[in-house]
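All of the numbers you see were taken from the coordinates with simple rules; none came from a lab. All of these numbers come straight from a predicted model, not from anything done at the bench. Every residue, glycine among them, receives a Cβ derived from its backbone with ideal geometry; neighbour counts consider all protein chains shown.
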Amino acid sequence: MKAEILALLRESDAYISGQELCSRFGVTRSAVWKAIHQLKKEGYEIEAVQNRGYKLVKAEVYGENELRSRIHTAWAGAELHFYQTTASTNLLAKQAGEEGKPHGALFVADEQTAGRGRRGRSWQSPPGANIYFTILLRPPIAPEQAPMLTLVMAHSVAAAIRRLTHMEAGIKWPNDVLLDGKKTCGILTEMSLEREYIHYVVCGVGINVAPQEFPEEIRGHATSIEAAYGQSISKGELLQYVMEELERDYDAFLAAGDLSPLLESYNKLLVNRNRRVRVLDPKGEWEGKARGINARGELLVERSGGTVTEVYAGEVSVRGSCGYI
């Protein structure tokens, strides 16, 4: 009930009477008072005026009730688990996948002590600064289609950032979300197979939100949303938008069986497009000009002779010919 009361208070510019809350939820005034008191203890500033009711003054305290009051999607985040501190939300989601938790279960943490990025790299996960979450998916697709889910998530995150800030968020193929040419979001997708059948997929996301000091090795190509935007944002609202965009994008992907519904939009967001890139292939590095992705999520790279090579994200990395992008 706390999350529902919080949602009503946020949506109203006026005071909401205790009697209205009692009638809405079918509870006593004492139960309403207790819920309001608990929200205040969590850090929300709520005015209580006799004969007028309650009004929310401080609009957000990032946590379970905040997220439950915002996320109303059909399946993406419908089951929510919030942790102040955990080793890794991906580890939580994988355990939940083994335990039979439903498609769309969302695991969010304020701090990770063992966050990971692609290729085993660590991911800085300090408390209070960023968004860390993993969503559990049970897609009825073939294993070879699963890598496309990383591109679906990148598209959803970029769309959510644009929706909230109106900034030109872009994507560096396949899964880095950028602002001002610098990385603000990383995505790590892992899956569990059973005899060529996908048991589950976990898609973990870390979004840099607050201005912060990055490790020296990434300082030149990392940023945060608030540093680029120049003002603070609501982490709860951003995560709400990500879930809404993801639900729409994933359902479109599933219906088509590939990325064709997102192809035009993704390519517009692709910062590599029509730029020279260096393909870091274990068989030997080479350069060409990126021309966008195809419906399978492969990057189309035009070589000097005019031939186009389809680059698969699971095998290689791509960098700009003279830098990060």
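Amide H contacts of ILE293 (H built 1.01 Å from N, in plane; Pro and chain starts excluded): LEU300 sit under 5 Å, all sequence-distant by 5 or more or on other chains.
Test of understanding: in a Gaussian network model of the chain with alpha carbons linked when under 10 Å, which of ILE225, ILE207, ILE46 would top the mean-square fluctuation ranking? Maximum among the listed residues: ILE46. Computed from backbone phi with θ = phi - 60° and the Karplus coefficients 6.51, -1.76 and 1.60, the 3J(HN,Hα) list for segment 234-245 is 8, 5, x, 5, 5, 5, 4, 5, 4, 5, 5, 5 Hz; x is used for glycine and proline. Considering only LYS283, LYS182, LYS94, the Gaussian network model of the chain with Cα springs below 10 Å gives its largest mean-square fluctuation to LYS283. Panel order for HIS166, HIS72, HIS221, by other beta carbons found within 10 Å of each beta carbon, from fewest to most: HIS166, HIS72, HIS221. Tell me the label only: which of [x] 6, 26, 35, 24, 8, 1; [y] 5, 22, 26, 21, 14, 8, 2, 0; [z] 6, 24, 31, 22, 10, 4, 2, 0 is P(r) over Cα pairs in 10 Å bins from 0, in percent as calculated from this structure? Label of the calculated value: [z]. Counting other Cβ atoms within 10 Å as a rough exposure proxy, the listed residues LEU91, LEU263 run LEU263, LEU91 from fewest neighbours to most. Here the residues ARG219, ARG319, ranked from fewest to most Cβ neighbours within 10 Å of their Cβ, fall in the order ARG219, ARG319. Averaging the Cα positions of each part gives two centres, and for segment 53-118 and segment 193-270 these lie 15 Å apart.
Using every pair of separate Cα atoms, the Kirkwood estimate puts the hydrodynamic radius of segment 2-56 at 11.0 angstrom.
Could you please report the charge total around LYS268, scoring K, R as +1 and D, E as -1 over all other residues with beta-carbon less than 12 angstrom from its beta-carbon? Net charge in that neighbourhood comes out at 0. Here segment 1-145 carries DSSP beta bridges of which approximately 60% are antiparallel, counting only pairs with both residues inside. For the chain, the relative contact order works out to 13 percent when only alpha carbon pairs closer than 8 Å and six or more residues apart are counted. Distant-in-sequence amide contacts of ILE218, defined by a placed amide H-H separation under 5 Å and a gap of 5 or more residues or a different chain, comprise nothing. Each DSSP beta bridge with both residues in the chain is either parallel or antiparallel, and the antiparallel ones are about 85%. On C-alpha positions alone, give me the angle between the axis of helix 2-11 and the longest principal axis of the chain, in degrees, nearest 10. Between the helix axis and the principal axis of the chain, the angle is about 80 degrees.
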